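Below is one structure, written out as structure tokens; comments come after it.
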Amino acid sequence: MTFDGHFEPRHAYPPLPRVADEGTVTEPPRSLDRFIIALAADDPSQLEAAWRGFVAEHTRLLLHVARSVFKTHDEVMDAYAYILEELRANDCRRLREFATDPRSRLSTWLVVVGRRLCLDFYRRRYGRDHGGTSRDQRAMRRRLQDLIVEDVEVHELPATRMVGADLLMRQMELRNALDRALEEVGVSDRLLLRLRFDDELSAQEIARLLGFSSAFHVYRRVNALLARLRRSLEAQGIESAVP
Amino acid sequence: MEQNHLSAAEMAGFIDHTLGDEVRARAAEHLATCERCRDEVAACARLAASAPVKRSMPVVWRAVAGMAAVVMVAVALRSTWNRGSPLVGERNVAAERSSPMTSRVRLVFPTDSVSIARSDLHFVWRRDVRATGYSLTVDDSSGTQIWTREVSDTSFTLPDSARLAPSKTYLWHVDALHVDGSTAQSGPSAFRIAP
């Protein structure tokens, strides 16, 4: 049985059923399927109705995304309009691409695409990147180096403090030793440590993102990794984080 | 992927855990070294987790379904404790409820926009282990519902009273009805009545 009627896609639009990479089957919600069918049918009134349905279903989510980037009501509404405009552009190219190979839930994909469009809109409007945490600020927060060496009592801090070039040299030595130790752990563990100590995600957020059963499992894995890194640093002759 | 940043599809798939193992491993490798993508994946995961929930059921029924779910979990845990293995039962119930990707009805036939004679039209779908019944719905291509019925089996022949026009395309879907008031939905599938 083959499909041979007027429903033949006129613009090589994708077929409806989809299989994502390597066997993970996902299906977009009904609103998107109707939308894709309307695109294929090339009927403006049907397409308009499907678009309205799609917008109605996802407006709250898109506004939620816009509010995460913009603060004032006017900015949020402008960003929301920009997202819709871009999703509709080129015969809804982005939505058609998603429908061809859905690798996630539509809502998650809309969050990622919507946020990217909001940041793009911000750049267009203000001519610069959206202000977030700068790398310098983040570097100040980094605690991994401190956590993997033995605990240091404040009153035992060395009386002879290094200054200038010596201090920089020692810091560089510590950082290099830590990088070498990190290279010895697997990619997923390295990502776990980055998320926990560089990006400061909560254990619960990490559990959700990396597929741990609970925050408790994240803590346990982090502690095991810190102990391992500590041993690796000790083997390199590093026993204190204090420069 | 080592040099290029994650695409929107890859990032969303990473957050939802729906990428294949190989693609996910490559994404993790990139994320471990790319601060910009890690920033984005963290922000998007937070947004997705805090996204407004769709209102699919009236508030009263949601409350009833919620209470029913609590009772179901309690019963499941109690029976599992009686067997001496509480964690396994708890995890299965939680996993089943928290995984929208796995709670889905699979349509078997007709699919893939096949052209089919009206007399051969016989709907078939896969069984949902938690279902106490199913709701079969047929829409026309504009999304207007033209026929729906609750059935108990996983196949159904449309009665002659349901008039489907030749050369027209239709959509059908099935909702599995669970005892706790929740439903699992199939995606829609298209078919066409042969001229």
Once both labels are modelled 7 Å past Cα along the beta-carbon direction, what's the A:His73-B:Val179 spacing in nm? 5.0 nm
Theoretical gain in end-to-end length, A:Ala235 to A:Asp43 [0.36 nm per residue, Cα-Cα removed]: 62.1 nm
So for R0 = 25 Å, FRET eff. of B:Ala51-B:His17 from the Cβ-Cβ r, to 0.05, ends up at 0.90
Using alpha-carbon positions, the gyration tensor of the stretch B:100-193 gives root eigenvalues a ≥ b ≥ c; with a/c under 1.5 called rounded, otherwise prolate if a/b exceeds b/c, else oblate, the class is prolate
Note, A:Cys92: beta-carbon cut-off 12 Å, +1 each Lys/Arg, -1 each Asp/Glu, net 0
Using only alpha carbon pairs under 8 Å that are at least six residues apart, calculate the relative contact order of the stretch B:1-44 and give it in whole percent. 47 percent
Per its Cα gyration tensor (rounded if a/c is under 1.5, else prolate when a/b beats b/c, else oblate), the stretch A:53-116 is best filed as prolate
Mind listing the phi-derived Karplus ³J(HN,Hα) values for the stretch B:111-128, rounded to whole Hz, using 6.51, -1.76 and 1.60 with θ = phi - 60°, and x for any glycine or proline? 9, 6, 6, 5, 9, 9, 5, 4, 5, 8, 6, 9, 7, 9, 9, 7, 6, 9
Using each residue's phi in the stretch B:152-164, evaluate 6.51 cos²θ - 1.76 cosθ + 1.60 at θ = phi - 60° and report the 3J(HN,Hα) Karplus result to the nearest Hz, with x for Gly and Pro. 9, 8, 9, 8, 7, 9, 5, x, 5, 5, 7, 8, 10
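Each reported figure results from applying straightforward, stated rules to the coordinates on display, with no laboratory input. Small disclaimer: the values here were computed from a predicted structure and weren't measured. Positions of Cβ are generated from backbone atoms using ideal geometry, with glycine treated the same way; all protein chains shown enter the neighbour counts.
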